[in-house]
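Encoded as structure tokens, the structure appears first; notes follow it.
The values are calculated or read from the model by the stated rules, or taken from the named source; none is laboratory data. Model, not experiment: these values are computed from the prediction. Don't worry about glycine lacking a Cβ; one is built from the backbone with ideal geometry, like all the others, and counts go over all protein chains shown. Ligands, DNA and RNA are excluded from the accessible area calculation, which covers all protein heavy atoms including side chains. Shrake-Rupley method; radii C 1.70, N 1.55, O 1.52, S 1.80 Å.
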Amino acid sequence: MLDALAHIRNWIFDLDNTLYPASANLFAQIDARMGRYICDLLGCDAQEARRVQKAHFFEHGTTLAGLMAEHDVDPHEFLAFVHDVEMDVLEHDAPLGAAIAKLPGRKLVFTNADAPYAGKVLDRLGLGEHFEAVHDIHATSYRPKPDKRAYHGLCEAYDLDPEASLFVEDMARNLKPAKAIGMTTVWVDNGSEQAADRDRSFIDFTTRDLGQWLEQILEDGPCPTKP
């Protein structure tokens with residue numbers, strides 16, 4: 001293990017565009033279904049639905065959080081609708097599974113999606129058996145990343161010491177609260193970042209390929225560091 005990470009006992013991973021390549025474009029299907037849901041909810045056209053969707057995402061952290069706050073949307077109904085997508089764009093990732101299996105300590109998924117959807121994604125990737133639990137949007141009481149309460153809730157739920165924990169995310173802005181409570185942070189810089197803030201001072205490691213990065217730290221070889 002890379003010396004700088006020898007203290008890590010808890011390995012926490014985001015799900016979408018982190019445990020599989022952003023190039024799979026699975027979220028495009030979810031994005032489209034969000035638009036359909038908003039069109040039906042508000043009786044608006046696709047252009048207005050898009051505006052509402054993205055406004056909620058940037059203001060509230062997720063489209064769902066905004067719809068719940070402003071339109072009293074049922075989260076279970078919404079998530080069941082938007083996550084009804086085909087998983088055939090995802091491929092079984094045996095090398096990534098092998099690397100995760102070698103990590104010492106506990107492994108968890110921390111996602112703004114829900115556990116049923118996360119389970120389908122993990123099964124498709126062949127990664128489900130490697131994770132102790134999925135901490136989902138229901139578990140955060142619908143306070144999504146990057147709400148700092150979501151991170152505290154994760155640590156309380158699983159008795160995690162943040163300073164012995166590492167968090168991997170494709171959305172850089174979601175790493176800032178993790179760093180603030182003492183976690184080591186890894187940004188998967190795969191092009192899915194949508195935040196306007198270019199501050200990267202809270203990022204400890206950067207990679208474009210999670211599987212390759214894990215193999216590097218396990219071999220104590222050269223690995224990407226803060227940009």
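Filter region 1-35 for residues that are part of a loop (DSSP other than H, G, I, E, B), open to solvent by 40 Å² or more (accessible area, probe 1.4 Å) and over 18 Å from Phe110 (Cα atoms) and give the result.
Met1, Ala6, His7, Asn25, listed by residue number.
Just one of the listed residues (Ala196, Ala178, Ala172) is closer than 27 Å to Ala24 by Cβ, modelled with pLDDT under 95 and touching a strand residue (DSSP E or B) at 6+ places or on another chain (Cβ under 7 Å), namely Ala172.
Within the set Tyr158, Tyr142, Tyr151, the sole residue that is among the aromatic types (Phe, Trp, Tyr) and crowded, with 23+ Cβ neighbours inside 10 Å turns out to be Tyr151.
Does Ala115 satisfy the criteria of being over 22 Å from Gly97 (Cβ atoms) and of a type outside the set (Lys, Arg)? Answer is no for this residue. Among the residues of region 72-107, those that are farther than 25 Å from Phe167 by Cα, surrounded by 13 or more Cβ atoms within 10 Å (Cβ to Cβ) and over 19 Å from the mean Cα position of the chain (by Cα) comprise Val73, Phe81.
If the condition is being among the aromatic types (Phe, Trp, Tyr) and within 18 Å of Asp16 (Cα to Cα), then region 122-167 contributes Phe131, Tyr142, Tyr151, Phe167.
Give region 36-56 a look and list any residue that's surrounded by fewer than 16 Cβ atoms within 10 Å (Cβ to Cβ) and within 15 Å of Asp74 (Cα to Cα), or say none. Hits for region 36-56 are Asp40, Leu41, Leu42.
Selection within region 122-148: residues that are in contact with a Ser or Thr (Cβ under 9 Å, 6 or more places away or on another chain) and β-branched (Val, Ile, Thr). The member of this set that is nearest to Val82 (Cα to Cα) is Ile137.
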